[in-house]
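Here the structure is laid out as structure tokens; the discussion comes afterwards.
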């Protein structure tokens, strides 16, 4: 018995949907005509949001040049076993191997199909296996962060968050990994700036080359220039030919933390290197080309640093090609339970403890505390607590006393909401003007008499209030 066309189509869709691989089919116009659940889970996009839509409308991070589906549609040539690494809309790093084929009918290209095999879990498992092997071979239970051959300790999967704003930052960081443009990272102390920067390096094509970090505040200003650019023999008494950090990082990434601590004259030389890709050792007359990606971080708002003249404006504009702002922990309180569990597991392993519960009082304290030291302060609080605990529950008696005795956060927040005197006077003035206009049914002359001000003054203030209202809308 022959099946009719409808049944055949339904069977085909059922078969394609059950395959353990992502399948994405577009027609000759780039419109998606089939998209299975596996592909949906890869990309983090619902099937119904993709079907019937143009590929680039749903996935704006791709272009005609970078989309394998559109490339095959244009050339008619298949692409086999193409490795692809990309952040999905949830900020998760996805690793796939894709085969993309043209669909031809009577010799004419009518569409393209892409079959994607997910290797994300395999890669994660391989990383875990390597970590376990390293612990067994030589870590002896020490809880130091794993260290890769390029001088880093972290990958993007080490950044734990479920906060929407921070996930967007992670996504931007992953997208920036394939670039060689400078990156400026801004975040308060303890938010994990270097963790993010190392993750960018390890997600990039430079991951097999060196990652070198230097805190600009940790080196005397008189020595920083020679450390960055190197020295030439004879440049000063006892000087020898020695490469600087730029030469040591050639092919890789140089991370400069607390950039605003760098002397302004050294900032000018850094700007020159960024512009022409050449360094000159201290005392040398010749220049040398270097291929280094520069990523900088600051724990103070760059614009404030420019106003305070601790950061050159021209250097800021050159560095601020890609700007990543890490939100403080108090702005992503939903991450506190996640991070608390993570640090408890870490120090359970390190100290041989078996803490499995957190009391409701501790949860409330952690949620209300302002965390000026951010994630680093939370980690140290957990480490301190697990040094003292003897049972399976984390309670207030184990928490560092400075957290418990901190001023009530709700009271502090109320203080933060008190406006400046100028703002308060402006708001009061606006209130009385509106009241006067209401009582006089909008008669400016009479309202001015009630307020005891000239009519022209009231007209001016009313126009300003109107401008402010329009701008607010």
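The values are calculated or read from the model by the stated rules, or taken from the named source; none is laboratory data. Everything quoted here is computed from the prediction, not taken from an experiment. Don't worry about glycine lacking a Cβ; one is built from the backbone with ideal geometry, like all the others, and counts go over all protein chains shown.
For residue 328, all conditions in the list (1) out of contact with any strand residue (DSSP E or B) (no Cβ under 9 Å at 6 or more places or on another chain); (2) touching a residue at least 24 places away in the same chain (Cβ under 8 Å); (3) closer than 21 Å to residue 227 by Cβ hold save one; what is the number of the exception?
Failing condition for residue 328: (3).
Do any residues in the range 206-233 that are more than 26 Å from residue 181 (Cα to Cα) have Cβ atoms under 7 Å from those of residues that are buried (at least 21 other Cβ atoms within 10 Å of the Cβ), where the two are at least six apart or on different chains, and which pairs are they?
If the second residue must be buried (at least 21 other Cβ atoms within 10 Å of the Cβ), the pairs left are 231/281; 232/281.
Please state which one of 65, 74 is modelled with pLDDT of 65 or more, assigned to a helix (DSSP H, G or I) and over 27 Å from residue 339 (Cα atoms).
74
For the structure I just gave you, tell me whether residue 54 is outside the structural domain of residue 207 (by TED's automatic domain parsing), closer than 29 Å to residue 177 by Cβ and at pLDDT 90 or above.
Yes: the conditions hold for residue 54.
Select from the range 152-168 the residues that are closer than 17 Å to residue 323 by Cβ and crowded, with 20+ Cβ neighbours inside 10 Å and list them in ascending order.
Scanning the range 152-168 gives a single hit, 166.
Identify, from the list 396, 403, the residue that is under 22 Å from residue 189 (Cα atoms) and at pLDDT below 95.
Exactly one residue qualifies, and that residue is 403.
Please verify whether the range 213-226 includes one or more residues that are within 20 Å of residue 159 (Cα to Cα) and in the same structural domain as residue 318 (by TED's automatic domain parsing).
Yes.
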